[in-house]
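Comments concern the structure below.
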Amino acid sequence: MEMYTVGLWGYSFASVAYAIFSLLIIAAHNQTSIAKWLLFSTLIAAGTNAISLLQISMGFSLQWAMLADAVKIAAFSVLILSFNIEKSSVEGILKNKRVSKYLLFWFGSTIACWGVSYAIELSYEYLFLLFVVLNLTSLVLLEQLYRGANVEAKKSITPLVFALGIVAVFDFVLYAQATMVGGIEFDFWYVRGYLSALAVPLLLISIRRFKEGAVRVFVSRNVVFYSSMLMIAGLYLLLMAVAGYLINYFGGEWGQLVSFGFFILGSIVLVVLLLTETIRRKVKVFISKHFFANKYEYREEWLELL
């Protein structure tokens, strides 16, 4: 079976899966604000996969599929933020300060990158960088949600975090590699539909377990520390992608091979940095000194005394 056909089937499965998921949400008659936003997000996801399906079959510009994907990322990112917002309406969620700041960031960066892309004759490099940043932001939001939730809430949100996280990681790697070599690897692009479809059952499990108001996010030192490490990892990979792209640009016939080897070597160095306890400890001390007025994390200290 050709990868072209694999892509058609994958995005077909994904669009149908999200459409069925949307019908299940409607049938549940859940009128909470999170349920309404979840319905909106699943409809966007169904439409995004349908557009990707049409793009493969009709061959129109990939930018339209990427634009739909950017809207999907924004919808699910707002969903992540909404779990800790005590609002009874969708309008209340959108007026929340964190949500408003995220949407402003998303809108500004998306318009800027698309404008630059069109200004320099449909150059995709800026769009690839945009999606690296958007997917990295989604991973940070997921990490903060999970690490800040209490034990009971973690049981509910774990499938959702895993489902959205694995999609964001895959897309992050896809677009980082695209930035490095100057183009999308379409074999991976065709597989995205299946990954998106596999996320639906996990989302369904998580939503069935979730009770509105159960998730409480406490932004502790550890949350800031791990999010900072994630940002460091993302920025490091971003720099690696740019460096790989330059090597590929100046390296002629050997450019792609050299950039791939450079990316692998850099990734190994990154893993070593993240797993080295000394470096992790120094970063945590730096954050404690410069971002917190208190010497100790009193919540953790009290829990240890109990």
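The values are calculated or read from the model by the stated rules, or taken from the named source; none is laboratory data. Predicted model, so just to flag it, every value in this text is computed and none were measured. Here Cβ is always computed from backbone atoms with ideal geometry, including for glycine, and neighbour counts include all displayed protein chains. Just the protein is used for accessible areas: all its heavy atoms, side chains included, with ligands, DNA and RNA removed. Shrake-Rupley method; radii C 1.70, N 1.55, O 1.52, S 1.80 Å.
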Legend entry - Spacing of the two label points (7 Å from each Cα toward its C-beta) at Leu54 and Ile111, in nm: 2.5 nm
Legend entry - Apportionment of accessible area to carbon and sulfur, the stretch 149-194, percent (1.4 Å): 70 percent
Legend entry - Cα→Cβ-extended label distance, 7 Å offset, between Lys97 and Ala119, nm: 3.3 nm
Legend entry - Under-5 Å amide H pairs with Gly182, H placed in peptide plane, nonlocal only: none
Inset, instruction - In debye, nearest 20, what is the charge dipole magnitude of the stretch 1-150 about its Cα centre with +1 on Lys and Arg Cβ and -1 on Asp and Glu Cβ, if you could check? - result: 600 debye
Legend entry - Computed lengthening from Ala19 to Val6, 0.36 nm per intervening residue step minus Cα-Cα distance: 2.7 nm
Legend entry - Theoretical gain in end-to-end length, Leu104 to Lys36 [0.36 nm per residue, Cα-Cα removed]: 22.3 nm
